Every structure is written in structure tokens, then in C-alpha cells.
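Reviewing the structure listed below.
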Amino acid sequence: MAIITLTTDFGTSDGYVGAMKGVIARIAGTRPAPAVVDLAHDIPPGDIAHAAWVVATSTIEFPHGSIHVVVVDPGVGGTRRGVVLRARGRWYVGPDNGVFAYVAERASEAYAIENERFRAEHVSRTFHGRDVFARTAAAIASGEDPATAGPRVELAGRLPWGPRELRTGRVVHVDRFGNLISDLPEAEAGPAIAIGGEVLPLVGTYEDVAPGELLAYVGSAGTVEIAVRDGRADRRLLLARGAAVLAAELDPARGPYR
Amino acid sequence: MAIITLTTDFGTSDGYVGAMKGVIARIAGTRPAPAVVDLAHDIPPGDIAHAAWVVATSTIEFPHGSIHVVVVDPGVGGTRRGVVLRARGRWYVGPDNGVFAYVAERASEAYAIENERFRAEHVSRTFHGRDVFARTAAAIASGEDPATAGPRVELAGRLPWGPRELRTGRVVHVDRFGNLISDLPEAEAGPAIAIGGEVLPLVGTYEDVAPGELLAYVGSAGTVEIAVRDGRADRRLLLARGAAVLAAELDPARGPYR
Amino acid sequence: MAIITLTTDFGTSDGYVGAMKGVIARIAGTRPAPAVVDLAHDIPPGDIAHAAWVVATSTIEFPHGSIHVVVVDPGVGGTRRGVVLRARGRWYVGPDNGVFAYVAERASEAYAIENERFRAEHVSRTFHGRDVFARTAAAIASGEDPATAGPRVELAGRLPWGPRELRTGRVVHVDRFGNLISDLPEAEAGPAIAIGGEVLPLVGTYEDVAPGELLAYVGSAGTVEIAVRDGRADRRLLLARGAAVLAAELDPARGPYR
């Protein structure tokens with residue numbers, strides 16, 4: 001059974017997600033319907049970078065061939081292109097505005113969505129989630145070849161930060177718990193990291209520090225994260241996405257570190 | 001496979017939605033379980049008009065025969081009636097308090113839910129979502145004839161606004177993005193609309209105006225919407241549901257309109 | 001088809017729930033995938049007692065054999081144990097930190113999760129929802145015997161309140177509507193209850209009092225609840241979880257009670 005996941009900034013108080021699910025169910029018709037999986041619908045409105053991180057870190061757990069629709073699309077109806085791309089053995093469908101910036105690093109192919117078998121007859125100017133992207137996902141799930149969606153294209157969407165330098169990361173995501181998640185890989189971190197004027201040794205998990213204390217550790221994405229045990233690191237450090245996270249040495253003069 | 005959608009004001013921090021899903025799964029027993037689809041669970045508590053719009057605009061995308069449960073039910077256990085109705089080729093189940101005001105315009109049949117094959121043996125006074133409406137949906141999904149749920153009735157639920165006049169609409173929904181969605185159909189709008197002292201030309205989409213500017217356009221429901229590009233129209237205009245939206249002419253003295 | 005439900009404090013703006021769903025879909029492989037059901041993902045962060053009540057009152061509606069994963073896990077990676085337990089004919093999977101305090105009253109068996117068929121090869125220190133609990137649920141759904149997950153154990157997780165005395169309850173849950181839900185069973189309540197200096201007769205449902213008035217009634221869990229019609233009891237009484245709810249007599253001197 002095909003799997004289609006949905007990631008949007010539509011929230012759960014309006015009918016937009018429901019309309020997308022309805023389209024997918026309707027197009028399936030009497031065929032076995034694809035499994036529709038809610039990934040995350042409370043992406044902050046229009047926050048492309050937030051969506052990009054959520055999609056990259058969660059869809060990698062899904063099996064090959066799964067189809068992942070992302071609708072965080074403040075430029076809907078404007079100049080940005082709708083695309084379908086294959087990356088890491090999975091299909092991704094959505095606006096080419098940066099939401100695929102992380103997953104597309106290893107993208108092998110991307111196609112503009114132009115063919116009418118992949119979109120509604122009448123496409124509204126403000127709801128491509130319903131009229132284009134849900135349709136495209138349903139078409140792929142029903143066996144259409146994504147390579148026929150339209151001409152092959154290069155992705156144009158970018159995130160607002162440039163390439164990372166060695167042993168230097170930045171906060172790329174702040175999660176619900178106020179944890180600051182960086183893109184500094186475990187292999188490049190030292191025995192400690194520096195952020196916001198603090199030098200923090202890398203520890204294993206929250207209980208390795210006292211309640212209320214800051215800690216740094218290798219998170220579930222394989223990169224360095226900064227948290228406060230039973231608290232919020234974003235509020236403690238007053239830092240947000242984009243803040244620098246640097247590999248560091250333990251400073252014996254400042255110890256003892258736990 | 002039968003499809004049951006759920007729309008509630010139960011939120012996603014309590015067990016009420018889960019209990020409804022459990023009832024549906026349990027009643028399916030060894031038969032193929034219906035697909036249970038979350039439409040929207042963060043309807044503002046008790047906001048019947050909000051639910052009515054969400055249900056009308058999203059369920060229309062689902063295939064004929066689908067079953068749509070709506071539990072926004074501040075009068076649960078009191079005098080309002082529980083009903084099942086057929087409208088637009090789909091089944092709707094919930095309290096007769098106005099949540100079906102938009103979908104029922106073309107309703108062909110409505111039945112009170114009284115038959116015990118459509119409800120629990122012991123019905124609590126405060127959770128008909130679990131004890132009546134989930135049961136009714138599961139019964140229909142398993143092949144029961146909704147016409148046997150109880151006596152045929154006329155729907156009593158109304159929304160707090162009267163009939164609309166020609167070329168005059170009102171804001172019927174404010175969505176998550178602060179967009180003001182009216183019931184003024186595209187065909188009745190002029191080249192512009194008037195709202196809150198502003199005259200706005202109808203444009204195509206957000207990018208047709210500069211960031212931060214007001215715009216009016218035909219939205220995904222086929223009616224006029226008012227938005228602020230990258231902002232919130234509800235806060236800009238300080239308007240809420242019920243505000244008038246009038247067809248208008250472009251005023252050459254006030255131009256240029258973009 | 002196996003049923004797996006998910007209850008977390010992960011919210012719906014991050015990728016954590018999606019990652020768990022991905023793991024379950026991936027492990028199912030070409031076998032029929034289990035039905036994955038969202039119970040509640042907006043458990044307040046780290047609120048074990050909140051999760052315990054939600055899980056107990058909703059999972060009881062699911063059929064026997066269903067699998068219920070709970071990830072409210074502030075001590076992840078630390079000393080608390082991951083467990084699978086059988087209670088009330090259903091399987092429960094999660095941290096042994098109190099989230100199973102209500103369901104485990106009648107637990108017949110609990111096992112530590114140690115066997116590598118029930119967890120990932122590499123287990124992160126901070127995301128056992130993905131690396132252990134989703135895996136365990138998927139393993140059970142695919143036919144593994146939970147009794148082989150690890151050694152049989154006694155549950156250690158407790159909630160911060162001791163045993164209840166006769167005719168004395170406490171508020172154990174405050175729901176989205178501000179209703180105060182107690183553990184005082186209907187059979188022990190008198191014709192009235194006392195809470196926060198108020199004596200309230202037990203009535204049937206919200207409409208039995210005027211809008212804005214306090215009421216007490218037997219809720220959908222079979223225990224006494226306190227609400228304000230069209231309002232919030234938590235804000236009216238300024239009470240929270242833990243507040244005492246006592247069986248009481250109607251005081252004729254204070255009547256008339258509605």
C-alpha cells in the first residue's frame with residue numbers, strides 16, 4: 001500500500017488539511033486507498049526553514065517509495081514552481097521554495113508539475129495543496145510515473161544561510177521543548193561546544209545534569225543539540241535559529257564540568 | 001473501504017478523540033475497519049459556526065458515501081437532537097445545533113438518532129461523541145441503513161445570521177492565517193469589494209501586492225477572501241466574523257490600484 | 001489488522017511523531033501495515049499525570065489486543081526503564097515513569113525492553129520514542145511475543161498522590177474545556193460534592209444550570225466532574241490538579257439547588 005505523508009502550516013482548526021485528504025481519497029476511487037499519514041500540521045505559518053528540517057529528519061524513517069507532501073507555501077499562486085523530486089529513495093511533492101533544501105542535497109531528479117494528470121482541471125490561485133500537490137501525490141500513488149509530471153528542472157529554493165564551515169554549525173531548528181538543534185555533526189564537535197558565550201561539555205542525556213541546567217549532547221539527528229533539563233534552552237540563552245554553535249575544548253580553568 | 005472523518009473541538013491534549021477512534025475500531029471488530037480521518041480537532045471550543053464552515057468546505061472533496069462526524073456540541077445531553085443526514089451524496093453525523101447549516105442547504109434527508117443499534121447501551125450525558133456519534137458512524141460503515149436510525153426530522157440548527165442579500169456578503173470564517181473568508185460568490189463580486197472602509201480590487205494571489213498590503217481575491221471556496229500578504233487581515237482591519245463584504249466598483253479617483 | 005495508538009508530548013510542529021510513524025511503516029515492510037492511530041500529541045511537555053489519565057480513559061475503548069505507545073518521557077536516556085505491559089487485555093509500551101499508573105492497576109504482566117528485536121541497533125540517548133517504543137510496538141504488531149522483550153519486572157512508576165480515601169477524591173485531570181475531572185466514583189458521591197468551598201448538587205448535564213454557572217455531574221469516565229456551563233471551572237475556582245473533591249449532602253439552609 002502506498003504511503004503519503006502530509007506536512008503543512010495549515011494547523012488543525014481549518015478545513016485545509018481535510019480538503020487535501022478528501023482529494024486523495026476521491027482520486028483513489030475504488031483502488032486501495034494510499035495510507036495518508038499526518039507528519040506535522042503546526043509548522044509556524046510560512047516558516048520554510050522549520051518545515052525543511054522537520055521533513056528531512058522525519059521522512060528518512062519512512063520506507064523507500066513513500067511519498068511526502070509539504071505545503072508551507074507563502075508564495076502560492078506566484079512565481080515559485082511546484083515540483084516533485086526523488087531524493088534518498090523517496091518522493092517529495094511541494095513548492096520549490098526551500099522546503100526541500102535539506103532532503104535535496106542528494107536529489108537525483110526533480111520535475112516541474114505541469115501535466116494535467118498531476119493537477120486539478122481548475123487550479124485555484126491560493127490552494128495548491130488541494131489542487132496540485134495532493135493530486136500529484138495521489139497520481140504517483142496510483143501508478144503514474146513522476147518523470148511525466150513535467151520538464152526536469154533544477155531546484156531553486158534555498159534557505160537563508162550559506163554553506164557551513166568545518167567545526168562550525170548553527171542552530172537550524174528550535175523544537176517544541178525549546179531545544180536548540182544545530183547542524184554541527186557529532187564527528188566535528190569537540191569534547192565541548194560553545195554557544196552564546198557558554199562552553200558546554202558534550203554529555204549523554206538530560207539526567208547527566210541537574211534540573212534547570214544547560215547541557216549539550218548529540219541529538220537524535222546525529223548533530224549537536226543544546227537543552228535545559230526540565231526547561232527551555234531558547235529562553236535561557238535568548239537565542240534563535242541561526243545562532244552559531246562551535247566545536248570547543250574543555251577549559252580546565254573553568255571546570256569542573258560534570 | 002468506508003471512510004469516516006472526525007471534526008471536533010476536543011483538541012489534541014485530551015483523550016476524547018482517542019475514545020471515539022477506539023469505539024469505531026472496536027465496533028468494526030473482525031470486519032475491515034473503516035479508514036478514520038482526522039479533519040480538524042482544534043475548532044475553537046463550542047464554536048458552531050467555525051465548525052460549519054470547516055466541514056462544508058472540506059468534506060465536499062471526499063468521495064460519495066463517505067461519513068462525516070462533527071462534534072462541536074456545547075448543548076450535549078440537553079435538548080438539541082442528535083442527527084444523521086444525507087447531503088451532497090455524503091453522510092453527516094452530529095448534533096443538530098447549526099454545525100450542518102452550510103452542508104444541509106441541499107440536504108435530502110435527516111433522521112434523529114434514537115435506534116439503539118446506532119448508540120451505546122448506556123449513553124453518558126456529556127460525551128455523545130463517544131456514546132452516540134462515533135457509534136452511528138461505525139454502524140453506517142458496517143452496513144446499517146441510516147434511514148433506520150430514527151424518525152425523519154427537519155433540521156432545527158441555524159447559524160446566527162439571516163439570508164444573504166444580492167451582491168452583499170459577510171465574513172463567515174477567519175482562518176489560521178488571519179484571512180477573512182466571505183460568502184460573497186465570485187459571480188456577484190464586482191471588479192472590487194468594500195470591507196471596513198476599504199475598497200480593494202480583486203487580484204489573483206498574494207504576490208500581486210507588496211508584502212504587508214491588503215488584498216482581495218477569489219479564494220479556494222469560490223468566494224471572496226481578504227488577506228494581508230505575509231500578515232493577518234483580521235488584525236489589520238480589526239474585523240471578525242459577521243463583517244460586511246460588498247461588491248464594489250473601482251474608484252478612479254482613488255487609484256491607481258495595483 | 002493490528003492497531004497501534006500514539007500518545008506523546010511531541011506536539012504537531014516537529015518531526016518526532018512523524019519519525020515514529022516512519023519506523024512503524026518501515027518495519028512493517030511488505031506485511032500489512034498496522035493501523036497507526038493518533039491519540040493525543042499535545043500532552044503538556046513532560047506532564048506524566050496528564051498522559052496517564054488520557055491513556056487510561058481513551059485506550060479502554062479500543063479492542064483487545066490493541067497496542068498503545070505512550071511517550072511522555074522527560075527522563076529519556078536516564079535511569080527509568082522502558083517497558084511493555086499487558087493490562088485490561090491490551091498492550092502498553094513506554095517509559096516506566098508513571099504514565100501507566102492508572103492502566104496498570106490491573107496489569108497482569110510487565111517486561112523490560114531489552115531484547116534487540118524490540119529496539120533499534122543504535123539507540124539514541126534522547127529519542128526512545130523512535131528507537132525503542134515505536135520499534136517495540138511494531139515488533140508486537142508483526143507477531144513477536146512481548147514476553148520475550150526482556151525480563152519480567154514490577155512497575156516502578158508512580159503518580160505524586162497516594163491512595164484515595166473513601167468518599168474522598170481529588171482532581172486528577174483538567175481538560176481542554178477547563179473541566180475539573182476527579183477520581184471520585186459515582187457510587188461514592190453523595191447527592192452533592194464539595195470543592196473549593198462550594199457545595200454543588202450532582203446534576204445531569206450542562207443545560208441543567210444557567211450559562212456561566214458551576215455544576216457537578218458524573219462525567220464520561222464514571223467519576224465526578226466540575227464544570228462551568230459555557231465557561232471554565234479551573235479559572236472560576238482557581239483550582240488545579242490535586243484539589244480535593246468530597247462527597248457531600250445537600251445543605252437545606254443553602255438551597256434551593258436547581
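The residue that is farthest from the other protein chains (Cβ to nearest Cβ), counting only those in segment B:183-197 that are open to solvent by 50 Å² or more (accessible area, probe 1.4 Å) and farther than 19 Å from B:His173 by Cβ, is B:Gly197. Test C:Phe127 against the criterion of being over 17 Å from C:Leu85 (Cα atoms) and surrounded by 16 or more Cβ atoms within 10 Å (Cβ to Cβ), and give yes or no. The answer is yes for C:Phe127.
Residue-wise test of (1) within 16 Å of A:Gly78 (Cβ to Cβ); (2) in contact with a Leu (Cβ under 6 Å, 6 or more places away or on another chain).
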| position | (1), (2) |
| --- | --- |
| B:Arg158 | no, no |
| B:Gly162 | no, no |
| B:Leu166 | no, no |
| B:His173 | no, no |
| B:Asp183 | no, no |
| B:Glu188 | no, no |
| B:Leu202 | no, no |
| B:Val224 | no, yes |
| B:Arg229 | yes, no |
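Filter segment C:11-41 for residues that are at the interface with chain A (Cβ under 9 Å from one of its Cβ atoms) and within 15 Å of the chain's Cα centre (by Cα) and give the result. C:Asp38 - this is the single residue of segment C:11-41 that is at the interface with chain A (Cβ under 9 Å from one of its Cβ atoms) and within 15 Å of the chain's Cα centre (by Cα). Among the residues of segment A:101-116, not a single one is within 14 Å of chain B (Cβ to nearest Cβ), open to solvent by 10 Å² or more (accessible area, probe 1.4 Å), out of contact with any His (no Cβ under 7 Å at 6 or more places or on another chain) and assigned to a loop (DSSP other than H, G, I, E, B). Within segment B:72-92, track down each residue that is buried (at least 19 other Cβ atoms within 10 Å of the Cβ), β-branched (Val, Ile, Thr) and either out of contact with any Lys or Arg (no Cβ under 9 Å at 6 or more places or on another chain) or within 13 Å of chain A (Cβ to nearest Cβ) (or both). Those that are buried (at least 19 other Cβ atoms within 10 Å of the Cβ), β-branched (Val, Ile, Thr) and either out of contact with any Lys or Arg (no Cβ under 9 Å at 6 or more places or on another chain) or within 13 Å of chain A (Cβ to nearest Cβ) (or both): B:Val72, B:Val83, B:Val84.
A:Ser142 meets all of the listed conditions (1) over 16 Å from A:Arg81 (Cα atoms); (2) free of Cβ contacts under 8 Å to residues at least 40 places away in the same chain but one, namely (2). Scoring A:Gly98 on the criteria (1) open to solvent by 10 Å² or more (accessible area, probe 1.4 Å); (2) assigned to a loop (DSSP other than H, G, I, E, B); (3) away from chain C (no Cβ under 11 Å); (4) touching a residue at least 12 places away in the same chain (Cβ under 8 Å) leaves a single failure, condition (1).
Based on what the data block shows, is C:Gly169 surrounded by fewer than 20 Cβ atoms within 10 Å (Cβ to Cβ) and either β-branched (Val, Ile, Thr) or touching a residue at least 12 places away in the same chain (Cβ under 8 Å) (or both)? Answer is no for this residue. Just one of (1) open to solvent by 10 Å² or more (accessible area, probe 1.4 Å); (2) hydrophobic (A, V, I, L, M, F, W, C); (3) in contact with a strand residue (DSSP E or B) (Cβ under 7 Å, 6 or more places away or on another chain) fails for C:Ala134. It is (1). Among the residues of segment C:58-71, those that are at the interface with chain B (Cβ under 8 Å from one of its Cβ atoms) and surrounded by 24 or more Cβ atoms within 10 Å (Cβ to Cβ) comprise C:Ser58, C:Thr59, C:Phe62. Looking across B:Val93, B:Val123, one residue alone is part of a loop (DSSP other than H, G, I, E, B) and either under 17 Å from B:His50 (Cα atoms) or of a type outside the set (D, E, K, R) (or both). It is B:Val123. Specify the residue that is nearest to B:Leu6 (Cα to Cα); the eligible residues are those in segment B:45-54 that are more than 7 Å from chain A (Cβ to nearest Cβ) and either surrounded by fewer than 23 Cβ atoms within 10 Å (Cβ to Cβ) or in contact with a strand residue (DSSP E or B) (Cβ under 8 Å, 6 or more places away or on another chain) (or both). Looking at the filtered set, the residue picked out is B:Ala51. Considering each residue of segment C:139-153 in turn, none proves to be assigned to a loop (DSSP other than H, G, I, E, B), at pLDDT 95 or above, under 24 Å from the mean Cα position of the chain (by Cα) and on the phi > 0 side of the Ramachandran plot. In segment A:172-182, the qualifying residues are those that are of a type outside the set (Gly, Ala, Ser) and touching a residue at least 60 places away in the same chain (Cβ under 8 Å), and the one that is most open to solvent (accessible area, probe 1.4 Å) is A:Val174.
If you go through segment B:169-201 one residue at a time, how many are assigned to a strand (DSSP E or B) and more than 14 Å from B:Leu237 (Cβ to Cβ)?
8
Scanning segment B:79-121 for residues that are at pLDDT below 95 and closer than 21 Å to C:Glu207 by Cα yields a count of 1. Under the condition of being within 17 Å of B:Ala187 (Cα to Cα), open to solvent by less than 30 Å² (accessible area, probe 1.4 Å), part of a strand (DSSP E or B) and not β-branched (Val, Ile, Thr), the residues counted in segment B:202-253 number 5. Being under 25 Å from the mean Cα position of the chain (by Cα) and hydrophobic (A, V, I, L, M, F, W, C) is the filter; apply it to segment C:203-225 and report the residue that is nearest to B:Gly15 (Cα to Cα). Top of the filtered list is C:Ala221.
The values are calculated or read from the model by the stated rules, or taken from the named source; none is laboratory data. Here the structure is a predicted model, which means the values were calculated and not measured. A quick note on method: Cβ atoms are made from the backbone with ideal geometry, for glycine too, and the neighbour counts reach across all protein chains shown. These area figures cover heavy atoms from the full protein model, side chains too; ligands, DNA and RNA do not enter into them. Shrake-Rupley method; radii C 1.70, N 1.55, O 1.52, S 1.80 Å.
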